[in-house]
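Below you'll find the structure, written out as structure tokens, and then a few comments.
The values are calculated or read from the model by the stated rules, or taken from the named source; none is laboratory data. For clarity, every value in this text was computed on a predicted model and none was experimentally measured. Note that we place each Cβ from the backbone using ideal geometry, even for glycine, and neighbour counts take in every protein chain shown. Accessible surface areas use protein heavy atoms only, side chains included; no ligands, DNA or RNA. Shrake-Rupley method; radii C 1.70, N 1.55, O 1.52, S 1.80 Å.
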Amino acid sequence: AALTLALFGKDPSSTRILEKAYSQLPREEKLHILEALGHIGDPSSIPFFVEQLEQPYQTLRVAAASSLIRCLYH
């Protein structure tokens, strides 16, 4: 539900829920969460994106960097 709110409603209240769920999810779902958080553009997610730049998977690092940029220019 939080992912839907983020993607379609840009609801910033879902930001913390998605960030907390992130570590427990498979890689594909992590990618969706990074994209959704970037779509919201909440500046409070910047530290989360920076932390994700250390991920061992290049796809997740690129998604985190893209979302970080979207957040900075939102």
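Could you give me D for the chain, from Stokes-Einstein at 10 °C and 1.306 mPa s, where the hydrodynamic radius is the Kirkwood radius over C-alpha pairs? Units µm² s⁻¹, please.
Numbers: Rh = 11.7 Å.
My calculation gives 135 µm²/s for D.
Calculate for the chain the 222 nm mean residue ellipticity that helices alone would give, adding -39,500 (n - 2.57) per DSSP H run of length 4 or more and normalising by residue count, nearest 500 deg cm²/dmol.
Helices in the chain give a 222 nm mean residue ellipticity of -21000 deg cm²/dmol.
Apply the Karplus curve 6.51 cos²θ - 1.76 cosθ + 1.60, θ = phi - 60°, to the phi angles in the stretch 31-40 and return the couplings in whole Hz, x for Gly and Pro.
Once rounded to whole Hz, the list reads 4, 5, 5, 4, 5, 5, 5, x, 5, 5.
Once label points are set 7 Å from the Cα along Cα→Cβ at both Gln58 and Tyr73, what is their separation, rounded to one decimal in nm?
For the pair Gln58/Tyr73, the computed spacing is 2.3 nm.
Got a sec? What order do Arg61, Arg27 fall in by accessible area at 1.4 Å, biggest, i.e. largest, first? Mind dumping the intermediate values first?
Values: Arg61 80, Arg27 120 Å².
Heavy-atom accessible area, descending, gives Arg27, Arg61.
Normalising by the residue count of the chain, find the relative contact order in percent from Cα pairs under 8 Å and 6+ residues apart.
Numbers: 87 pairs, mean separation 22.2, N = 74.
The normalised contact order for the chain reaches 30 percent.
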